[in-house]
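In what follows, a single structure is set out as structure tokens and then discussed.
Read-outs throughout are calculated quantities, based only on the coordinates presented, and are distinct from any laboratory measurement. The structure displayed is predicted, hence computed values, not measured ones. Cβ: placed from backbone, ideal geometry, glycine included. Neighbour counts: every protein chain shown.
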Amino acid sequence: MAALPACQRAEGRSAVAEASGKRPHELFPERTAGEVARQAFLVEFKKALVHDLRPRIREDFLAAGGKPDDADVRAAALVASLPSHRWYSALARAQHELYVDSTAECVERQAVALRDRARAVRNAARHGTLHLDPSLVPPSYQSAVDIHCVPGGYNLELMPDDVYAAARYELGITLYTLGQHGALNDSKGQAGVAFLQTRFPQLDPRSIVDLGCTVGNSTLPYVDAFPAATVTGIDVSAPALRYAHARSELLGRAVHFRQANAEKLPWADGSVDVVVSHILMHETSRRGLARIFTECHRVLRCGGVMLHVDVPAGRGDADAFDRAMADWETDNNNEPFWRGLHALDLPHMAVEAGFDAASVFDECFDAGHVAFINGRPWWMFGARKECP
Amino acid sequence: MTASQSNRPRVPAGARPVFLGDGVSETLLGMLLALATETSALADEIDDLREALREARGDGRSDPTDIESRRVLRRRAMIERMLRIVQEGLGSQANEQRNAAYREFVEQLSR
């Protein structure tokens, strides 16, 4: 069977060892030897599913008459009928539940200490700021289901001033991505910066806003790349923002974090140079995304850029089998807009929001940062605001 | 921390799909994977104790990179053994073809 070449396996192993063996900052959850051992096994198990069992499903798909250029509906039905796919799905779901529970247990036992540490850092903040809005109601696409099957989701608060959900998220994504997004989990931000600097070499922003920033992992590369800019991260989750602020302080970066909904940005018309997001689009909805595009256009100055970095599922050189497998997240892992996003005419939506059609970009950009889920370069969608 | 001491929600809002025909198989699979995870963690603990014994004997500890490498290999070998039966492809078209060929061979021997 077509397993991943040994050299690629070795790279994946060393990346995980590097990412999980050291704490990248003082707020990153501490793990006992038992937790490290359990999570290391679950990471290895997931690698086996992705690198060994998934190619087996492709073989079975082709053996059963599937073709790379099949219609998506036919390919999806054929893939779902394969025994190897049923086993892959059952094992992948069981692995995911154990990994979530293991990280949740690890963070819950130190939740009070993490909360206190974040408070102390916040009280001594020297770089950025934190502004929470207790009246904010998260949109339904953030509250109706627990995204990625994490009980309680991003907004869960176990105690006043809580950071549990965010700390679990940062530990979780390090393991979920098999460590392939770097020790600081910043590959999406690095890719976004590289894209902006390549596509818009004259860009010299004074203000950058990161939508749906969660723990600020993708926000920090913009601070380093554009030192003259004021960088702000917004999110609907208070725990995420508390954690993000303390994390940025500990890493010595100036970011201003603000609790706000990307559908209703707290900035005046024409007052922002760059609006970015990272894996935000697939966590929204058609109507929500249309409003986000409209808000981006409204707050951008003339010549400003809207950039959304997202997972390249089913894009680029993906064939019918890849697209069928990409929908697994929608059907089995509480990613309800994953499939819906990729069916949208996003360039048309950007034009509807006010952007010029000629300014729209929609491509996978290879700057050496790839999405772990399929090894493909990150997907860049956005537009530049042109003014008469 | 046991479940009774925990304050966090433990079941995510949303659907819990079943892939293996019924909830019983799915439940057993989840329990099996949890036990395999604990077994692997115990193997790491035994490895830690062996390293402590090495040190106590005056042989020194192994290089941390070597320790991690051999643990990765052990986990990988364990998982390969666990997934052997899945990789074999019971119920797949290829397996059906193998079965049909065998039945034909059985008939041939009796002709």
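Between B:ARG111 and B:THR2, residue separation times 0.36 nm minus the direct Cα-Cα distance comes to 32.8 nm. The calculated FRET efficiency for the pair A:ALA71 and B:GLU55, based on their C-beta separation and a Förster distance of 51 Å, comes to about 0.25.
Could you tell me whether region A:201-282 comes out rounded, prolate or oblate from its Cα gyration tensor? Rule is a ≥ b ≥ c as square roots of the eigenvalues, rounded for a/c under 1.5, then prolate if a/b exceeds b/c, otherwise oblate.
Oblate.
The calculated FRET efficiency for the pair B:GLN87 and A:VAL112, based on their C-beta separation and a Förster distance of 45 Å, comes to about 0.50. Partner shielding of B:28-41 amounts to 5, given as the average count of beta-carbon atoms from other chains within 10 Å of each residue beta-carbon. Charging the Cβ of each Asp and Glu at -1 and of each Lys and Arg at +1, and nothing else, the dipole of the protein assembly as shown about its Cα centre rounds to 460 debye.
Note on chain A: dipole from Cβ charges, positive end direction compared against A:LEU250, A:HIS278, A:PRO83; the farthest Cα belongs to A:LEU250. The length gained by stretching the chain between A:VAL137 and A:ASP356 to full extension, at 0.36 nm per residue less their Cα-Cα distance, is 75.6 nm.
Rounded to the nearest 500, the 222 nm mean residue ellipticity of the protein assembly as shown from helices alone is -16500 deg cm²/dmol, with -39,500 (n - 2.57) taken per DSSP H run of at least 4 residues.
Computed from Cα positions, the angle between helix B:93-110 and the longest principal axis of chain B comes to roughly 50 degrees. Look at the stretch B:92-102: the mean tally of other chain Cβ atoms within 10 Å of its residues' Cβ atoms is 2. Just going by the charge dipole of region A:146-200, with Lys and Arg at +1 and Asp and Glu at -1 on Cβ, which of A:CYS149, A:THR174, A:GLY189 is farthest out on the positive end? Checking the options against the dipole of region A:146-200, the answer is A:GLY189. Across the alpha-carbon set of the protein assembly as shown, the Rg to Rh ratio works out to 0.99, Rh being the Kirkwood radius. Using Cβ point charges alone (K and R +1, D and E -1), the dipole size of chain B about the Cα centre works out to roughly 140 debye. Grab the beta carbon distance between B:ALA34 and B:ARG70, set R0 = 25 Å, and tell me the FRET efficiency rounded to 0.05. Calculated value: 0.55. Residue ranges A:128-141, A:320-333, A:352-365, A:162-175 sort as A:162-175, A:320-333, A:352-365, A:128-141 when ordered by packing (mean number of other C-beta atoms within 10 Å per residue, highest first). With the cut-off at 1.5 for a/c, could you classify region A:91-136 from its C-alpha gyration tensor as rounded, prolate or oblate? Here region A:91-136 falls in the prolate category. Dipole size of region A:90-231 about its Cα centre, with +1 on Lys/Arg Cβ and -1 on Asp/Glu Cβ: approximately 340 debye, rounded to the nearest 20. Projecting the Cα atoms of A:THR32, A:LEU49, A:ALA104 onto the dipole axis of region A:32-141, where Lys and Arg carry +1 and Asp and Glu carry -1 at the beta carbon, places A:THR32 farthest toward the positive end.
Using a/c under 1.5 as the rounded threshold, could you call region A:180-238 rounded, prolate or oblate? The axes a ≥ b ≥ c are square roots of the C-alpha gyration tensor eigenvalues, and prolate needs a/b larger than b/c, oblate otherwise. Taking the square roots of the gyration eigenvalues as a ≥ b ≥ c, region A:180-238 is oblate. Residues considered: A:ALA75, A:ALA183, A:ALA343. Largest GNM mean-square fluctuation over chain A, using C-alpha springs under 10 Å, is found at A:ALA343.
Measuring against 32 Å, Cα to Cα, the residue pairs A:LYS22/A:LYS46; A:LYS47/A:LYS67; A:LYS67/A:LYS385; A:LYS22/A:LYS264; A:LYS47/A:LYS385 contain A:LYS67/A:LYS385; A:LYS22/A:LYS264; A:LYS47/A:LYS385 as the ones spanning a longer distance.
Entry note: chain B has Rg to Rh equal to 1.18, where both radii use alpha-carbon atoms and Rh is the Kirkwood radius. Peptide A:41-54 shows a mean partner chain C-beta count of 5 within 10 Å per residue C-beta.
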